[in-house]
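This is the structure I want to talk about, given as structure tokens.
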Amino acid sequence: MSDKENTLDDEFLDDALLEGEEQEQKLENEEEEEEKSVEETLSEELAKEKDKFLRLFAEFENYKRRTSKERMELFKTAGQEVIVSLLPVLDDFDRAMKELAKSEDTEVFKGVELINVKLRETLKGKGLELVEANAGDVFDAEIHEAITQIPAPDKKMKGKIIDVIEKGFKLGDRIIRHPKVVVGN
């Protein structure tokens, strides 16, 4: 072969090698881009899953807190229905104590008084408290229930409680029966 042919063959081989190397580099670059895109895709998916997990975890914590609070409220007022049904009995005891105080039989009065005190202490131990309402106190619509209004005996008693008809009670922090009062107008 001649030098010219060798040179052409060498050039041809060089060109073919260069093209092959360029193709290999292109393939490597594409593979790197694919790897990056696969890595990026995976990291994006991981970020999405982490976000889902955190939101689900926060939602579960809120659920636990809410149910715990509801359970505590339920325990605080579990006996509310029974206690509310006993309030008329307390009213009857008060009326009985007033009438027995008028009688001369002190032994019966002492016996009924012991039962009355025991019942009140038991209910107090369950969280029942008396809502204070006295004649002369300022009327508060959120605490008191006005059953009637009468003309005030003097100007100082306008907007104030004239008389307490029925005592009020609260169980824990919640009023279960508002005191029924007469208000001066």
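The values are calculated or read from the model by the stated rules, or taken from the named source; none is laboratory data. What you see is a predicted model, and the numbers here were worked out from it, not measured in a lab. Cβ sites come from the backbone with ideal geometry, for glycine too, and all protein chains shown count toward neighbours. With ligands, DNA and RNA removed, areas are computed over all heavy atoms of the protein, side chains included. Shrake-Rupley method; radii C 1.70, N 1.55, O 1.52, S 1.80 Å.
Taking only the stretch 50-91 into account, find how many residues are of a type outside the set (A, V, I, L, M, F, W, C), more than 30 Å from V117 (Cβ to Cβ) and open to solvent by 100 Å² or more (accessible area, probe 1.4 Å).
Total meeting the criteria: 10.
Inside the stretch 127-170, can you point out the residues that are farther than 21 Å from F93 by Cβ and among the small types (G, A, S)?
A135, G136, A141, A146, A152, G159
Let me ask something else. Can you tell me which residue in the stretch 127-185 is farthest from L74 (Cα to Cα), limited to those that are of a type in the set (G, A, S) and over 35 Å from the mean Cα position of the chain (by Cα)?
A152
In the stretch 135-158, which residues are in a loop (DSSP other than H, G, I, E, B) and open to solvent by 80 Å² or more (accessible area, probe 1.4 Å)?
E142, P151, P153, K158
Only residues that are open to solvent by less than 40 Å² (accessible area, probe 1.4 Å) and part of a loop (DSSP other than H, G, I, E, B): list them for the stretch 160-185, please.
G172, P179
Please verify whether V82 is aliphatic (A, V, I, L, M) and at pLDDT below 90, treating the condition exactly as stated.
For V82, the condition - aliphatic (A, V, I, L, M) and at pLDDT below 90 - is met.
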